[in-house]
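Notes follow the structure.
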Amino acid sequence: MSKGQRIVLASRPAGEPAPDNFRLEDYDIASPGEGQVLLRTIWLSLDPYMRGRMSDGPSYAAPVPIDGVMEGGTVCEVIESRSPSLAVGDIVLAHSGWQSHALVDGRGLRKIDPHLAPISTALGVLGMPGMTAYTGLLAIGNPQPGETVVVAAASGAVGSAVGQIAKIKGARAIGIAGGKDKCDYVVKELGFDACLDHRDADLAAQLKDACPKGIDVYFENVGGKVFEAVYPRLNNFARIPVCGLIADYNTIFGPDTPTPKWANSIMRAILVKRLTFRGFIVTDFAAMHGDFLRDMGQWVREGRVKYREFVTEGLASAPEAFIGLLRGANFGKQLVRIGPDRS
Ligand code: NDP
């Protein structure tokens with residue numbers, strides 16, 4: 001029996017994850033039973049939500065159990081099949097986690113056509129992060145021509161798509177990102193109107209200059225200090241799709257955590273400015289998947305939505321790459337190449 005490799009959750013992190021929260025191990029690769037396929041992982045997606053799966057606090061999804069394989073979206077090749085709908089050589093989108101091979105039920109796997117786009121994009125701009133940007137911005141943010149849309153983590157998988165879709169809809173797009181290189185890319189390559197560095201002490205003053213007519217849509221990816229700088233600039237009837245709060249994913253909250261001093265001021269702003277805050281999980285908008293694939297596929301083919309991938313090599317690189325993602329070390333959609341991409 002041949003051996004595969006996988007990364008399991010060895011222990012739950014307190015605060016920032018560390019390499020010893022993960023363990024790389026070998027396992028026996030079994031053969032498919034009736035209806036199953038054996039997958040060889042080509043691409044593994046690393047996403048901020050995985051930090052939530054490492055903890056066992058209350059969440060919208062179950063945690064990864066201790067000694068369980070780390071969860072994750074993958075693009076894989078079918079290497080053995082006992083499923084009537086899949087053949088050896090097919091490329092599929094799976095959720096088979098941080099491992100080199102996986103035995104899964106053939107139902108529920110979506111085939112990917114390598115002729116339409118590079119197969120890795122099924123984990124990025126044409127996959128879950130792109131869908132998150134498309135649905136959160138259009139269904140909740142509803143940007144109108146001439147309005148101002150602000151998004152943080154603007155060079156990343158979700159934020160980069162948010163700003164480019166906002167531009168397609170005729171809005172102004174203002175990004176916020178960590179460092180000059182990312183900000184330059186967001187403006188020069190992605191076509192945002194401006195991009196501000198959240199590490200600058202005068203972020204609030206820079207936002208005021210960049211958004212002279214205030215902010216109509218704030219796509220929230222980050223929370224923390226970025227939100228504190230943004231919220232005083234929100235216009236009457238502004239919409240705030242609350243997509244992620246990555247600045248706080250490593251923060252330990254407890255019953256004794258003090259309520260921020262500005263919480264009452266936000267409640268007042270919600271009332272007097274009639275603001276709409278709406279949290280969402282991308283799966284809430286599953287009914288928009290067809291529209292997303294049609295529109296985003298066309299925009300990517302036409303070069304109106306650009307994307308950037310940040311690739312590390314080999315399964316063993318995944319823990320450090322994931323820890324880096326939470327610190328902003330990635331520049332674009334974070335992927336791990338687990339095996340050769342021959343598509
Ligand atoms: P990214 O590719 O954007 O990577 C994460 C980025 O977050 C980092 O590169 C870093 O960028 C930024 N960041 C990290 N810490 C901070 C901080 N303290 N302050 C400001 N920025 C910080 O990730 P994604 O595009 O995949 O995800 C973006 C957000 O969307 C996340 O919050 C994620 O949880 C959320 N999300 C939500 C979904 C949903 O269904 N609701 C689905 C998918 C994603 P920089 O260097 O620019 O600071």
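Structure summary
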{"quantity": "Largest-first principal axis extents of the Cα set of the chain (Å)", "calculated": "65, 49, 34"}
{"quantity": "Linear extension gain, GLU320 paired with LEU271, 0.36 nm per residue minus alpha-carbon span", "calculated": "13.3 nm"}
{"quantity": "Euclidean distance between Cα centres, region 124-145 to region 5-20, Å", "calculated": "31"}
{"quantity": "Over region 158-207, relative contact order from alpha-carbon pairs under 8 Å, at least 6 apart, %", "calculated": "32"}
{"quantity": "Rel. contact order, % - alpha carbon contacts under 8 angstrom, at least six apart, region 159-307", "calculated": "20"}
{"quantity": "Accessible area of the chain belonging to carbon and sulfur atoms, whole % at 1.4 Å probe", "calculated": "53"}
{"quantity": "29 Å Cα cut-off, lysine pairs counted over region 214-342 (separation 8 or more, or different chains)", "calculated": "6"}
{"quantity": "Karplus-derived 3J(HN,Hα), 6.51/-1.76/1.60, for each residue of region 21-28, Hz, glycine and proline x", "calculated": "6, 10, 9, 8, 9, 8, 8, 7"}
{"quantity": "Net charge of Cβ neighbours under 13 Å - reference MET50; Lys, Arg +1; Asp, Glu -1", "calculated": "+1"}
{"quantity": "Exposed GluC sites (Glu not before Pro) absent: longest stretch of the chain, with sites in DSSP loops and at most 15 other Cβ within 10 Å deemed exposed", "calculated": "35-188"}
{"quantity": "DSSP-defined antiparallel bridges as percent of all bridges, the chain, nearest 5", "calculated": "55"}
{"quantity": "Student exercise, region 1-160 dipole from Lys, Arg, Asp, Glu Cβ charges, in Debye to nearest 20", "calculated": "120"}
{"quantity": "Spatially proximal aspartates and glutamates relative to LYS111 (Cα-Cα < 14 Å; intrachain offsets below 8 disregarded)", "calculated": "GLU77, ASP90"}
{"quantity": "Whole-Å semi-axes of the ellipsoid equivalent to region 154-220 (Cα gyration tensor, √5λ, descending)", "calculated": "17, 15, 10"}
{"quantity": "All-pairs alpha carbon distance profile, region 264-307, 10 Å steps from 0, percent", "calculated": "23, 25, 24, 23, 5"}
{"quantity": "Taking the chain and dividing mean pair separation by its residue count, relative contact order in percent (alpha carbons under 8 Å, at least six apart)", "calculated": "18"}
{"quantity": "Cut-off under 5 Å, modelled amide H: who pairs with GLY106 long-range", "calculated": "GLN36, VAL37"}
{"quantity": "Cβ-Cβ FRET estimate between ASP202 and ALA62, R0 fixed at 35 Å, reported to 0.05", "calculated": "0.25"}
{"quantity": "Loop-located chymotrypsin sites (Phe, Trp or Tyr not before Pro) in region 4-73 whose Cβ has at most 15 other Cβ within 10 Å (DSSP)", "calculated": "TYR60"}
{"quantity": "Top of ASP20, ASP256, ASP47 by mean-square fluctuation, Gaussian network on the chain, Cα under 10 Å", "calculated": "ASP256"}
{"quantity": "Å² per residue, accessible surface of the chain at 1.4 Å", "calculated": "46"}
{"quantity": "Full-stretch length increase - ARG12, ASP291 - with 0.36 nm per residue and alpha-carbon distance subtracted", "calculated": "96.6 nm"}
{"quantity": "Cα-centre dipole for region 50-125 with unit charges at Cβ (Lys and Arg positive, Asp and Glu negative), debye to 20", "calculated": "160"}
{"quantity": "Cut-off 20 Å (backbone N to label point 7 Å along Cα→Cβ of THR259), residues of region 276-315", "calculated": "276-279"}
{"quantity": "Of the trypsin sites (Lys or Arg not before Pro) in region 70-167, those whose Cβ has at most 15 other Cβ within 10 Å and which sit in DSSP loop", "calculated": "ARG82, ARG107"}
{"quantity": "Dimensionless Rg ratio for region 98-254, taking C-alpha atoms and the 2.2 N^0.38 Å reference", "calculated": "1.14"}
{"quantity": "Set of aspartates and glutamates near LYS180 by C-alpha distance (under 20 Å), chain-local residues within fewer than 8 positions excluded", "calculated": "GLU189, ASP193, ASP197, ASP200, ASP202, ASP209, GLU309"}
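The values are calculated or read from the model by the stated rules, or taken from the named source; none is laboratory data. Since the structure is predicted, the reported quantities are computational estimates derived from the model, not experimental observations. Here the Cβ is made from the backbone with ideal geometry for all residues, glycine too, and neighbour counts use every protein chain on show. For accessibility, only protein heavy atoms count, side chains too; no ligands or nucleic acids. Shrake-Rupley method; radii C 1.70, N 1.55, O 1.52, S 1.80 Å.
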